[in-house]
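The values are calculated or read from the model by the stated rules, or taken from the named source; none is laboratory data. Given the structure is predicted, the values throughout are model-derived calculations rather than measurements. Cβ placement follows ideal geometry from the backbone for every residue including glycine, while neighbour counts extend to all protein chains displayed. Please note that ligands, DNA and RNA were not included when accessible areas were found on the heavy atoms of the full protein model with its side chains. Shrake-Rupley method; radii C 1.70, N 1.55, O 1.52, S 1.80 Å.
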Amino acid sequence: MDALPLVGLIAVSAAVAGAARRTPVAAPLLLVAVGLIASYVPGVPDFHLDPDIVLPLLLPPLLHTAALDSSYLDLRANIRPVALLSVGYVLFATLAVGYLAYLFVPDLPLTAALVLGAVVAPPDAVAATAIARRLGLPSRITTILQGESLVNDATAITAYKVALAAAIGEGASWAGGLGEFAVASLGGIGVGLVLMIPIHWLRTHLREALLQNTLSLLIPFIAYAAAEQVHASGVLAVVVVALYLGHHSSQVDFATRLQEEAVWKMVSFVLESVVFALIGLQLAIVVEDLGEYGVGEALWYAAGVFVTVVVVRFVWVYPATFLPRMASRRIREREPDTTWTAPLIVGWAGMRGVVSLAIAFSIPLTTADGEAFPARNLVLFLTFTTVIGTLVVQGLTLPTLIRAVKLPGRDTYAETLAEAQAQSEASAAAERRLEELLADERNALPQPLADRLRTVLERRRNAVWERLGTVNEITGESADDTYRRLAREMIAAERDVFVELRNRRRIDDEMMRTLLRRLDLEEAAAYREEA
């Protein structure tokens, strides 16, 4: 691919995603819609979704960022529902969707139908994370959806390989499929466990933040490639390493954390934008390749597969939610109570995404005996319409559904109260440590400087509590909001002076950058980023 179309794709995708922030429509949905329209605009290049690029180059960093933002402790606490969805549901959907598609679509061999089932089985990590983040779902539902989407790709890819082997005539058995699944899963987890400790050690011992962040960008590719090299699951290796690094991120120095957060936010924003735009841009390609199937006929089959995918998820989710609770008192005691609304949201939030399309495009053109792969073009089209259908229909209606069932959102008051209590305990420990240090004559400070340390500590202790208190009747701000706004105004005034002094050649550019960086760090400390 030429560089100019690729740069154009990235630029337009980023612009559309940025514009989506000013609309009530989630960025993934707007990007898909723009991609669908652009696929038929004259002059727009054909962007074929190459599985050799998506799986090893786009999937690892997207999984890495999603896993870094996840909570290892929350995932461990919800391991049962996550496993039932990421493994049990994917295998169930592969068989159920495949068999029903075999019955519904004439002349579609069962083996090819099972390939289709495996391809459309896994909800997408990027879609789930993006939609959940935008909607502010309750933390447990968000954890379950994120955990499912982090692991289910490994299950689906293994199921796809088994179904594909049968479809192209290379032979496959249930025992062989289960063995391959076990090897891929345990191997991927094993590779992640082997890599995570030395990688973390290297991150904590590199002294340059720039080198640490360069390593951070390489980590998902290293984990994925190492696992795939031994025929294990690269997906699971990436997830295991990222969960470990995220859980121990406090052991890395502050400069690395600040840079790493900024770098990965940018990488995630660009990749997510491009991925959803690419999904929409596949429309012209898959329609053109339908071959002997008419568009009307193919759309009829697509509607049937879409409905099947949606219904099959609910057929799994509700029993998987309530039957274990009915059968086990331990589960009832350990896990919070749930109602019919939570599985309704989990069931409707099963958007498919780029991984399904990438797997579908990797289906070979011919079987082992040289004949054309049966109904390959139709499988591609059905995968595409299922991805678009789930993203658009479920993505657009999910906010309305959440409002309709009155699903409680995040308890911001309780979260702020917990934050304030944690900050109070930490500040008390810091105050005790400060008094110990000041009692040592080697740490003697002039009284104004010692008081300044105490003042900074006191402000940090009070800032969160102030968010729970009264607000300014004129501006609607809390005292903490007003403090941060005034601090920014003061810093902005200093920054203007430094620029003016540079322009008048009283200081050079290097000195100006040094002074501005100090202000930047002060502003970062004074101004909490709004979510």
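Just a few scattered comments:
- 5 angstrom amide H check on residue 507, placed H, neighbours 5+ away: 502
- Accessible surface of residue 340, taken over heavy atoms with a 1.4 Å probe and every protein chain present, rounds to 150 Å².
- The modelled label-to-label distance for the pair residue 436/residue 458, using points 7 Å beyond Cα in the direction of Cβ, is 2.3 nm.
- Full extension of the segment from residue 52 to residue 259, taken as 0.36 nm per residue of separation minus the current Cα-Cα distance, would add 71.5 nm.
- Placing R0 at 51 angstrom, the Cβ-Cβ distance between residue 218 and residue 340 gives a FRET efficiency of 0.65 after rounding to 0.05.
- In this rough spin-label picture, where each label sits 7 Å from Cα along the Cβ direction, the residue 322-residue 194 distance is 4.6 nm.
- DSSP-assigned coil residues among chymotrypsin sites (Phe, Trp or Tyr not before Pro) in the stretch 1-76, each with at most 12 further Cβ atoms within 10 Å: 40
- Of 44, 354, 456, the residue with the largest accessible area leads and the full order is 456, 44, 354 (1.4 Å probe).
- Label-point separation, residue 329 to residue 450 (7 Å along Cα→Cβ), nm: 6.1
- Remark: the residue 475-residue 403 segment gains 22.9 nm on full extension, using 0.36 nm per residue and subtracting the alpha carbon distance.
- Residues in the stretch 360-397 reached by a label modelled at residue 300 [backbone nitrogen below 12 Å; 7 Å Cα→Cβ]: none
- Rounded to whole Hz, the Karplus (6.51, -1.76, 1.60) HN-Hα couplings of the stretch 499-509, x for glycine and proline: 5, 4, 5, 5, 5, 8, 6, 7, 10, 8, 5
- Per the Cα gyration tensor, the stretch 1-145 maps to an equivalent ellipsoid with semi-axes of 29, 25, 15 Å, ordered largest to smallest.
- The C-alpha radius of gyration of the stretch 158-244, expressed as a fraction of 2.2 N^0.38 Å, stands at 1.35.
- Sulfur and carbon atoms: percent of accessible area, the chain [1.4 Å]: 63
- Förster radius 45 Å - calculated FRET efficiency between residue 76 and residue 4 (Cβ-Cβ, nearest 0.05): 0.45
- Rolling a 1.4 Å probe over the protein heavy atoms leaves residue 511 with an accessible area of roughly 100 Å².
- Database remark: amide H of residue 352 closer than 5 angstrom to the amide H of 124, 390, 391 (H placed geometrically; neighbours at sequence offset of 5 or more, or on other chains; Pro and chain starts carry no H).
- Counting only protein heavy atoms and a 1.4 Å probe, the chain has 51 square angstrom of accessible area per residue.
- Taking packing as the residue-averaged number of other Cβ atoms within 10 angstrom, the listed peptides 83-89, 480-486 run from highest to lowest as 83-89, 480-486.
- Gain upon complete extension [residue 315, residue 207; 0.36 nm per residue less C-alpha separation]: 33.6 nm
- Residue 253 accessible area, assembled protein chains, probe 1.4 Å, Å²: 60
- Sequentially through the stretch 363-380, phi angles give Karplus couplings (6.51, -1.76, 1.60; θ = phi - 60°) of 4, x, 6, 10, 8, 5, 8, x, 7, 5, 4, x, 6, 4, 5, 5, 4, 4 Hz, Gly and Pro residues having no value and appearing as x.
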